[in-house]
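Engineer: Could you have a look at this structure, given as structure tokens, before my questions?
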Amino acid sequence: WIGTNNGGLIRYDGVTFRVYNYYNSDLPTNRVRTIYIDENDIKWIGTWGQGLSRFDGLTWINSNVINSAIAGNFVSSIYPDNNKNLWVTTGTFTAPGGLSFYDGFAFTSYFALNSGLPGVIVSSVAVDKANKKWIGTSNEGMASFDGVRWRTFNRLNSGLPADYALSIAIDSNGDKWIASEGLAKYIGR
């Protein structure tokens, strides 16, 4: 499965390509930013400007700020937690967003104004073995969230080299690797 900037969603089976786009399917835009495929082979497609789409191979379900409680229509990443719920990051400089939790039925969204989320442009999320969420922003550092408490990391209070965390990966030791101004490694829990 391949997402494109303006060509829709492409499925390649090793022999042929099949294109799903705004014109031949219910994909709401041709701008696909991220894709996550769950254990049931459901494709979760983060679009740039039209929210989150769910595709089971036959049916499309599109969630956006008008028909759901998702935090924004500009989806930058999708990540499952340890309970198979989805965490979705949203926001741009022109369309602020937040972090959304999807439990299979509804969205719960976190914004800078109603939580400990440090910024309005949420760019990445990763989940550690303890089910703690590590959230990167494009403008105000990063945060961790254990379901109750938020902790903020920025260049003034931690070793983060800049006040953004564009991508976060967690290795087998539980160390966090953060794409910021260069690459940073956070060893703490």
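The values are calculated or read from the model by the stated rules, or taken from the named source; none is laboratory data. All values reported here derive from a predicted model rather than from experimental measurement. For neighbour counting, all protein chains shown are included, and Cβ atoms are generated from backbone atoms with ideal geometry for every residue, glycine included. Protein only, heavy atoms only, side chains kept; ligands, DNA and RNA dropped before computing areas. Shrake-Rupley method; radii C 1.70, N 1.55, O 1.52, S 1.80 Å.
Engineer: So what does log10 I(q)/I(0) come out to for segment 34-189 at q = 0.08, 0.15, 0.17, 0.21 Å⁻¹, using the Debye formula with one equal point on every Cα and no solvent?
Structural biologist: Each listed q corresponds, in turn, to -0.20, -0.72, -0.93, -1.36.
Engineer: Further question on the same structure: Between Asp171 and Trp1, what is the spin-label point distance in nm, taking each point 7 Å from the Cα along the Cα→C-beta axis?
Structural biologist: The answer from the label model is 2.9 nm.
Engineer: Label 7 Å along Cα→Cβ of Glu181; segment 123-159 residues with amide nitrogen under 17 Å?
Structural biologist: 137-142, 153-159
Engineer: A further question follows. Name the trypsin sites (Lys or Arg not before Pro) in segment 1-97 that are in a loop by DSSP and that have at most 12 other C-beta atoms within 10 Å, would you?
Structural biologist: Those satisfying the criteria are Lys84.
Engineer: How big is the charge dipole of the chain about its Cα centre, in debye rounded to the nearest 20, if each Lys and Arg gets +1 on its Cβ and each Asp and Glu gets -1 on its Cβ? Intermediate values should be presented prior to the final figure.
Structural biologist: Working: 16 positive and 15 negative charges, 46 e Å.
The dipole of the chain has a size of about 220 debye.
Engineer: Just how much of Tyr12 is accessible, in Å², when a 1.4 Å probe is used and the result is rounded to the nearest 10?
Structural biologist: Roughly 100 Å² of Tyr12 is accessible to a 1.4 Å probe.
Engineer: Rank these by accessible area, largest first, 1.4 Å probe: Phe74, Phe111, Phe105.
Structural biologist: Largest accessible area first, the residues go Phe105, Phe111, Phe74.
Engineer: Equivalent-ellipsoid semi-axes (√(5λ), Cα gyration tensor) for segment 150-189, whole Å, largest first?
Structural biologist: Numbers: eigenvalues 50, 29, 13 Å².
They are 16, 12, 8 Å, listed largest first.
Engineer: Let me ask something additional. Hey, if you put +1 on the Cβ of every Lys and Arg and -1 on every Asp and Glu Cβ in segment 1-126, which of Thr4, Phe101, Leu52 ends up farthest toward the positive end of that dipole?
Structural biologist: Farthest towards the positive end: Thr4.
Engineer: Evaluate the distance, in nm, between pseudo-label points positioned 7 Å from the Cα of Asp26 and of Asn83 along their respective Cα→Cβ axes.
Structural biologist: Spacing of the two 7 Å Cα→Cβ label points: 2.8 nm.
Engineer: In whole Hz, what ³J(HN,Hα) sequence does segment 20-31 give by Karplus (6.51, -1.76, 1.60; θ = phi - 60°), x for Gly and Pro?
Structural biologist: Karplus-based 3J(HN,Hα) across segment 20-31 equals 10, 9, 4, 8, 10, 8, 8, 4, x, 7, 8, 9 Hz.
Engineer: Same structure again: Does segment 15-82 come out rounded, prolate or oblate, given a ≥ b ≥ c as the square roots of the eigenvalues of its C-alpha gyration tensor, rounded meaning a/c under 1.5 and, failing that, prolate meaning a/b above b/c?
Structural biologist: Verdict is oblate for segment 15-82.
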